[in-house]
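Worksheet: the structure to be examined is printed underneath.
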Amino acid sequence: MTARQRAEAGRDRLASALIANGSLQPDWFAAYHAVPRHLFVPDTVWPGMADGVRQGHAVSRREDADAWWRAVYADVPLTTQWDDGASTGNTRGTMPSSSSSMPTMVFSMLAALEVAPGHRVLEIGTGTGWNAALLSHRLGSANLTTVEVDASTAADAHRRLARAGYAPTAVVGDGAAGHQPTAPFDRVIATCSVRRVPRAWIEQCRPGAVIVAPWGPEYGGEAVVKLTVEQDGGARGRFVHSSAFMRLRAQRATRPNSRAYLSEPWPADGVRSTTTLSPDELGDWAAMFAIGSRVPGVFPLTERYGDGSYTLWLHDTAVTSWATADWEPGGREEFEVVQSGPRRLWDEVEAAWRWWNERGRPGFERFVLRVSPDGAHTVQLD
């Protein structure tokens, strides 16, 4: 089978899957067929696993062309860079730092963006360039500005875009700053997640503009939000679906490990108690999102042991308080908790989880994000 035949077969197969799941809408059909994904995928990738947050082994076009073509036209994310480029070759690094997003996510976010002829769009995170090419085909290159923080990733994407015949305004820089020279924008789309929507994105938009971005609180959980920029300089909108994106580099957090919180060996000065809430209940992506929206400045870490048990650690970002909850196999109904510091982190997290549970465990689409003109972020249940 020739490369052309593989491309056509893969593109048709993927299109059928995307149409079936509702992500590829008719107004994006022409762009999808004009901008094949394989033109924007490097020769070595790490296909995503079923849960969306893990990667498989490297797939090389030179070593196994059939596997590479299958990966390119599968509905999975493809990691294309590790550790900001520090890890090279076919070795999987520590932290994925660039990818070609899952096609379902790509077209779901483009659908949420609701572009129209003449719209000027700011894209944050050029990545491989595929999303930029789709937007350029739909709106014309002159109406797109795309920003990428990683110089090497940007250079590769710019070459791919040029080969495909597209020439958007392509900037190497911090996406959190937007791009004032080509503002104002009618639409902003981010292919990386944020904890806080940068002020520049709102300030560089016209009132009524739409911002589509993955947003997640400190605690965890994440969803794509669709914000409308308001006349007063704020923005407001609903979350539309779950997501799991790499964080905007300017908002990455360097988190201390559990030992940094202890002045002496665990349990140190911690106060012991028990709970009937299993730590396992806190691992649901929507639960983490709900907890994070109500408990600021707290994040979890999990310490696992060989027998299948684990300790859930809760830390505050101020490094003043911590809590642990132990889970063991065997259907236990009570779990030991230890807490220390001015904040009782387990109590806060448990109260937030129970609030979410008592309201029927609402999904992401039930939540609304409000960004006030002074930059404050508020998440509320509808």
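The values are calculated or read from the model by the stated rules, or taken from the named source; none is laboratory data. Just so we're clear, the structure is a prediction, and the values are computed from it rather than from any experiment. Here Cβ is always computed from backbone atoms with ideal geometry, including for glycine, and neighbour counts include all displayed protein chains.
Annotations for the structure displayed:
- Restricting attention to region 236-282 and to residues that are among the hydroxyl-bearing types (Ser, Thr, Tyr) and either surrounded by 13 or more Cβ atoms within 10 Å (Cβ to Cβ) or within 24 Å of the chain's Cα centre (by Cα) (or both), the residue that is nearest to residue 105 (Cα to Cα) turns out to be 243.
- Subset tally (residues that are more than 12 Å from residue 108 (Cα to Cα), under 19 Å from the mean Cα position of the chain (by Cα) and of a type in the set (A, V, I, L, M)) for region 207-222: 2
- For first residues located in region 87-115 and more than 16 Å from residue 49 (Cα to Cα) and not assigned by TED's automatic domain parsing to the domain that holds residue 138, partners that are outside any helix (DSSP H, G or I) and modelled with pLDDT of 85 or more and lie 6+ apart or on another chain with Cβ distances below 6 Å do not occur.
- Filter result for residue 153 (buried (at least 19 other Cβ atoms within 10 Å of the Cβ), of a type in the set (Val, Ile, Thr) and at pLDDT 95 or above): yes
- Filtered residues of region 172-193 (kept if in a strand (DSSP E or B), of a type in the set (A, V, I, L, M, F, W, C) and within 21 Å of the chain's Cα centre (by Cα)): 172, 188, 189, 190
- Residue in region 304-312 that is hydroxyl-bearing (Ser, Thr, Tyr) and either more than 29 Å from the chain's Cα centre (by Cα) or part of a helix (DSSP H, G or I) (or both) present: no
- Residues of region 362-378 satisfying the condition of being in contact (Cβ under 8 Å) with a residue 40 or more places away in the chain and in a strand (DSSP E or B): 367, 368, 369, 370, 371, 377
Conditions tested, residue by residue: (1) free of Cβ contacts under 8 Å to residues at least 40 places away in the same chain; (2) β-branched (Val, Ile, Thr); (3) part of a loop (DSSP other than H, G, I, E, B).
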position	(1), (2), (3)
288	no, no, no
324	no, yes, no
336	no, no, no
353	no, no, no
360	yes, no, yes
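- Residue in region 4-27 that is in contact (Cβ under 8 Å) with a residue 12 or more places away in the chain and under 26 Å from residue 88 (Cβ atoms) present: no
- Boolean, residue 326 is out of contact with any His (no Cβ under 7 Å at 6 or more places or on another chain), assigned by TED's automatic domain parsing to the domain that holds residue 267, under 14 Å from residue 266 (Cβ atoms) and not β-branched (Val, Ile, Thr): yes
- Among the residues of region 358-382, those identified as loosely packed, with under 14 Cβ neighbours inside 10 Å and either of a type in the set (Gly, Ala, Ser) or farther than 27 Å from residue 235 by Cα (or both) are 358, 360, 375, 376.
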